[in-house]
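Heads up: the structure comes next, in structure tokens.
The values are calculated or read from the model by the stated rules, or taken from the named source; none is laboratory data. Treat the numbers as computed from the prediction; the structure is a model and nothing was measured. Cβ atoms come from the backbone with ideal geometry, glycine included; neighbour counts cover every protein chain shown. Note: accessible area is taken over every heavy atom of the protein model, side chains too, but ligands, DNA and RNA are not part of it. Shrake-Rupley method; radii C 1.70, N 1.55, O 1.52, S 1.80 Å.
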Amino acid sequence: MRGLKIFSLGFFSYLALSLYANYFDEGLRSTIYSRGLEPSVLLLGTVYALAFFAVFSLGYVLNLRLPPSMLAVLFLLLSFQNFPVFFLLAVLVLIVYRLGVDPFRLFPQSALLVALLIPSALYAVVGVPLLENSLRYELVGPLVLAAVLAVVGMAYSTLSLRWKTFLVGVYTVLFFLGTFRSLVLLVYLAYFLSTYFDYPQFRKWLPGLSLIPALIIVGMSGGIQAVLVRIGFTFLVFHNLVRLSLPWGFFHGALLFSSNPRGMVASLFGASTNYTYFFFGQPVADFGILGVIEAFLLGMFLRNSERDRGSFVVVLSLMMYSLDPGVDAFIMLFIVATLLFSVSEDNIT
């Protein structure tokens, strides 16, 4: 049950902060509502968040095993998010799987290296978002890929804790230059989880060390109030997606498969930027009350990831990260791929 306990801690902490920002602090509330979205007077978003979490938990506690064939089909379907590039890569991954090769365990150091090279090359060739803010959304895709590869490397690599700590510091600088605080948090999540499982003697230090990414994120945001505004506004977006999507959904799957889902949500409300939409925002917006099926499946994913430490660190890190920006096909691809290779661990290299 440790996966559900850890995720629950993050989920309810996020929910409490969002409720405080939306309902209990008038200054924050006025800032959040200044963008013109419908105020969530009836706490509709909270009711649906709790209902979807209950179904998510049910999917976890039932401990149903997903067969490799189902995971392979899901992986192939999700790859249509960016056809034909992702689809061809997905076919290649499935061929590798059928050959009995596990790239997660064979190439974790390579993943760590590529995660360093992607942002470094982008900054050298295209520019640095911290210095040119217009580049921020132009580079978001490759930077998210780099962060996810860093998570995979952290989870499966046998590097010493000293080396992992050094790499986390380097990734922090790189993603700070990219201005994406959520990616800084994602890398730290994988680092803390892998340290928690591999080095029990250091567990007592982790709560204190968690202040480091917290201070970095607060600094990148411009202060604690800015962080609370971000969280509060994300949950306000979620509430409005619930309001617009009942009963059978608004996007009907288009949001999950969009190449820019956060831009798609923002355009729904007349904005030209990107809006984050909370962990259950995409299931609600796409499928309405039927989104509980996806919530149930996500709970199954988390429970199935506990087959081994590496897949557990990857899946839990990605789900904790998705609490604010929301789930999308790209993140789901990595979750399903991780489960696909872990589910047949005895038969692969």
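Structure data summary
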item	result
Span from the region 7-53 Cα centroid across to the region 290-336 one, whole angstrom	22 Å
Interchain or long-range residues, amide H under 5 Å from TYR275's placed H	GLY263, VAL265, ALA266
PHE251 long-range amide H proximity, modeled H, under 5 Å	ASP286
Fluctuation leader among LEU339, LEU19, LEU62 - the chain, Gaussian network, Cα springs under 10 angstrom	LEU62
Packing rank of 124-132, 137-145, 230-238, where each peptide gets the mean count of other beta carbons within 10 Å, highest leading	230-238, 137-145, 124-132
Ranked by how many other beta carbons lie within 10 Å on average, peptides 326-336, 208-218, 184-194 from highest	184-194, 326-336, 208-218
Label-point gap, in nm, between LEU76 and GLU132 - each point 7 angstrom along Cα→Cβ	4.2 nm
Peptide ranges 311-319, 76-84 listed from the most packed, as the mean C-beta count within 10 angstrom indicates	311-319, 76-84
Heavy-atom accessible area per residue - the chain, 1.4 Å, Å²	43 Å²
The chain: C-alpha gyration tensor shape, a/c 1.5 cut-off, then a/b vs b/c	rounded
SER13-PHE166 FRET efficiency (beta carbon distance; Förster radius 25 Å; 0.05 resolution)	0.30
